[in-house]
Amino acid sequence: MSDYDARKNAAESYDAALKAIRLEKIKSGEINPIVREVTIGDCRLIQGDCLAIMPTLGKVDAVVTDPPYGVLDEAWDAMNKTELAAFTMQWAGAARKISDRAVVFFGQRTRQTIQDILYLIYPEIRQVIWAKGGGTVADDGMFYSYESAYFCKPTSEPETLVGPKSMRFAAALKACRQRAKMSRGQVDIAVRGKKQGFVTGGKRGVACRQMTSCPQSPQR
């Protein structure tokens, strides 16, 4: 027990207790978890802690997320495997409660940690490949020149996630952005806090879209 740090342990326990109390107050309606909300067309853009907000959304068609997965030397992403597993269990469990479908982007270097948890939560998982060039060396020693996303679903029945070269979602997103008179950079800043790449803005990087009032979407 030479690595045991009593002060750190006490601070982490105190922080966990505060989070638990805050979550209970959110559930009871005493605290509003939404920091900011903007309506763009028939969609809601919500800023806040996803773990607190997801339970308030009700059922959604799918949860699409590019969460932190412990591959960058950044405060919001720097996690060891144990911390990554605990964090993944939190957001994945919350996501599963509001939808039986999810699209989860992940890093090859920590794939095994996230993959094992998702396979315990969802009955069926298929992999979507994003060929992007470049590449990194993963924990298994392999060099990957692509990134993957897991398509998590409730049954083994075939489903179409997106049609070949389909631009329907991109066109709908562009139309919403133009109606809101926002540039792509402004959307980046509003969602991520900065205009840069595919980086989520913190350890709560899960985005949900409630589509009950949206036009008929492609088959999923």
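Here, each number is a calculation from the coordinates, and none is a lab measurement. Note that the structure is a prediction, hence the values are computed from the model and not measured. Using ideal geometry, Cβ is built from the backbone for each residue, glycine included, and neighbour counts are taken over all protein chains shown.
Points worth noting:
- FRET efficiency for residue 171 and residue 86, using Cβ-Cβ distance with R0 set to 45 Å, rounded to 0.05: 0.70
- Cα shape, the range 46-92, gyration tensor, a/c 1.5 rule: prolate
- Ranked list, fewest to most other Cβ atoms within 10 Å of each Cβ, for 189, 21, 114, 98: 21, 189, 98, 114
- Scaling against 2.2 N^0.38 Å puts the C-alpha radius of gyration of the range 1-124 at 1.20.
- Cβ-based exposure ranking for 106, 169, in which fewest neighbours within 10 Å come first: 169, 106
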